[in-house]
Each structure stands twice: as structure tokens, then as C-alpha cells.
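Comments concern the structure below.
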């Protein structure tokens with residue numbers, strides 16, 4: 001590599017590509033070649049050695065497929081983000097089902113693009129990611145927003161009062177009826193009446209179910 005090309009490669013945003021489809025992997029490397037503003041410093045058909053590869057090649061961005069041999073892309077994201085939190089990772093996949101999307105996001109993915117994304121939009125999305133954005137294919141973004149809107153609807157629909165949320169929080173933290181009564185300065189009977197109302201509003205029949213639902217729907221958060 002000449003001195004001029006070395007300077008350009010140093011200035012460019014460096015990328016690793018994890019993709020088990022050889023033809024697609026080569027196409028992505030070609031697409032992100034000279035003139036794109038990126039420098040592909042490595043391509044791999046799996047992410048079994050992602051920790052060592054990222055440590056050695058020090059990329060700015062990682063393009064990650066999901067369905068690969070070995071540990072797979074979602075676990076690959078988790079490993080990279082837990083060891084190199086500043087490295088941006090974008091999923092590049094055919095999967096658009098809810099579970100894959102949210103598993104990827106929970107694992108730490110910074111963006112999510114479907115493989116039918118046009119080459120121009122793909123490059124734009126990578127630049128957006130490098131600048132601190134969180135690019136997503138429109139269909140994926142719609143699913144994410146629908147998920148959070150539905151979560152908010154579900155949480156709000158329980159209509160718990162402030163006192164009921166307080167008592168439910170004590171229950172989640174493992175307090176007995178008597179302990180809850182002491183903490184809230186009410187009688188045990190009053191606690192029981194509040195819990196009956198809570199169970200009714202949450203559509204559950206016991207304290208264990210109430211605790212599970214409170215955590216599942218984020219009615220109560222444990223710090």
C-alpha cells in the first residue's frame with residue numbers, strides 16, 4: 001500500500017464484516033471499497049473468534065449477519081459490545097421477526113438493516129451509524145415503535161393508583177403483608193384490600209403472578 005493510500009485508509013472509517021455467504025461478503029467488501037469513506041479491515045464467515053479479531057483489527061464499525069455457523073450473530077454482538085462498547089455494530093440480515101429484532105437490540109446492536117436495503121441506502125446508513133445514529137430499515141423501525149407503543153398501552157391500561165403501585169413495589173421486593181403495612185403506615189387488612197384490587201386490575205389470582213406481571217410489563221422497576 002502506497003503512502004497516499006495508507007493515509008486514506010487511516011482516515012476512513014474501518015469496518016469488519018461477518019457474513020457466511022461468500023458472494024455477499026465479497027460484494028459488501030467491494031461496495032465498501034475505495035470512494036465509500038470506509039476501509040474494510042477484515043471479513044469473516046462466522047464470529048466464533050470475534051473478540052480476538054476485534055481486539056486485533058480495532059474496527060470502528062461491525063456489519064453482522066445473524067444466521068451464521070457457530071455461535072451466531074446475536075451472541076457475536078453480545079461479545080463485541082461487552083468487551084468493546086465503543087465499537088458500533090449493525091445487524092445486516094434477512095430476518096424481520098420480532099424475536100430476532102429485539103434479541104439483537106438487547107444484545108447491544110446499534111442498528112438493524114434488512115439485506116434488501118439498496119446499496120446507496122446501506123452506505124448512507126453506515127455513515128449515519130458512524131456519526132452516532134441508529135439506522136434501521138423502515139419496516140424494522142415500524143416494528144420497534146409498535147412494540148413500545150403496545151408496551152405503554154399495556155402498562156397504562158392497568159390503572160393502578162399511586163398507593164397500589166407503592167404496595168405492589170413492596171410486594172415485588174419480597175415484603176410480607178405485615179412489613180408492607182408497617183412501611184405504608186396502614187393496617188394489614190388495608191394492605192389485603194389493596195392487593196385484591198391490584199390482582200383484579202392485573203388480571204391475576206395471587207401475589208406470585210402479580211410480581212411476575214409487574215416485572216414483565218415494567219410497572220415496577222427494580223434498580
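The values are calculated or read from the model by the stated rules, or taken from the named source; none is laboratory data. Computed from a prediction, not measured in an experiment: that's the story for all the values here. Counting neighbours? That spans all protein chains shown, and the Cβs are built from the backbone with ideal geometry, glycine included.
Residue by residue, here is whether (1) buried (at least 19 other Cβ atoms within 10 Å of the Cβ); (2) under 16 Å from residue 31 (Cβ atoms) holds:
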| position | (1), (2) |
| --- | --- |
| 78 | yes, no |
| 84 | no, no |
| 97 | no, no |
| 105 | yes, no |
| 109 | yes, no |
| 119 | no, yes |
| 131 | no, no |
| 138 | no, no |
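Answer with yes or no whether residue 137 is modelled with pLDDT of 85 or more, in contact with a strand residue (DSSP E or B) (Cβ under 6 Å, 6 or more places away or on another chain) and in the same structural domain as residue 65 (by TED's automatic domain parsing).
yes
Could you say whether any residue in the stretch 51-67 is surrounded by fewer than 17 Cβ atoms within 10 Å (Cβ to Cβ), modelled with pLDDT under 95 and within 21 Å of the chain's Cα centre (by Cα)?
Start the filter on the stretch 51-67 by keeping residues that are surrounded by fewer than 17 Cβ atoms within 10 Å (Cβ to Cβ), which leaves 51-52, 55-58, 67.
Then keep just the ones that are modelled with pLDDT under 95; that gives 67.
Still in the list and also within 21 Å of the chain's Cα centre (by Cα): 67.
Checked the stretch 51-67: at least one residue is surrounded by fewer than 17 Cβ atoms within 10 Å (Cβ to Cβ), modelled with pLDDT under 95 and within 21 Å of the chain's Cα centre (by Cα).
Of the residues 173, 192, 218, 213, only one is farther than 30 Å from residue 13 by Cβ and at pLDDT 90 or above; which?
192
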